[in-house]
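Got a structure for you, written out below as structure tokens; questions coming shortly.
Read the figures in this text as sums done on the coordinates, not as results from a lab. Because the structure is a prediction, the values reported are computed rather than measured. Positions of Cβ are backbone-derived with ideal geometry, glycine not excepted, and every protein chain shown enters the neighbour counts.
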Amino acid sequence: MQDETEFRRVAETAIENLKQHLYTLEEADDAGFEVEEQNGVLNVLFEEPPGKFVITPNAPVQQIWISALSTSFKLDFNTAQTQFVLPRTGEVLVALLDRLIGEHLAR
């Protein structure tokens, strides 16, 4: 485990990288979503079909949590990969969000 200061630094960097990735996707004419950030929480908003994903760091448990598709995804920091990873699938943060966005838009 990292101390809280180190976790916050790593989580902020990961969320900033994700935000930049999503902004790049959002600029595509038919992205189907928009990205908003408020107080360190990242929101991905969809018009059709309607929906909202919420990505937030959770310092007490040192995870990044994603609320999407009526499910909570809890990513742990993997020191070997230096990335946040969903333990049950091994997906890293950006790849997981890309998959979830694709699943939402396919509905």
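If you bin the C-alpha pair distances of the range 6-107 every 5 Å from 0, what whole percents do you get?
2, 13, 26, 27, 18, 10, 4, 1
Once the piece of chain linking residue 24 and residue 79 is laid out straight, how much longer is it, given 0.36 nm per residue of separation minus the C-alpha distance between them?
17.1 nm
Moving on to the next point. Hand me the GluC sites (Glu not before Pro) from the range 4-94 located in a DSSP loop with no more than 14 other Cβ atoms within 10 Å, in residue order please.
Answer by residue number: 27, 47.
Still on this structure: Please name which of 96, 13, 80 has its Cα lying farthest along the dipole of the chain towards the positive end, using unit charges on Cβ (Lys, Arg +1; Asp, Glu -1) and the Cα centre as origin.
80
Rounding to the nearest 20 debye, state how big the charge dipole of the chain is about its Cα centre with +1 on each Lys and Arg Cβ and -1 on each Asp and Glu Cβ.
500
Could I ask something else about it? Treat each spin label as a single point 7 Å out from the Cα along the C-beta direction, and report the residue 31 to residue 58 distance in nm.
2.7
If you don't mind, another one. So which residue, out of 78, 17, 39, gets the largest mean-square fluctuation from a GNM of the chain using Cα contacts under 10 Å as springs?
39
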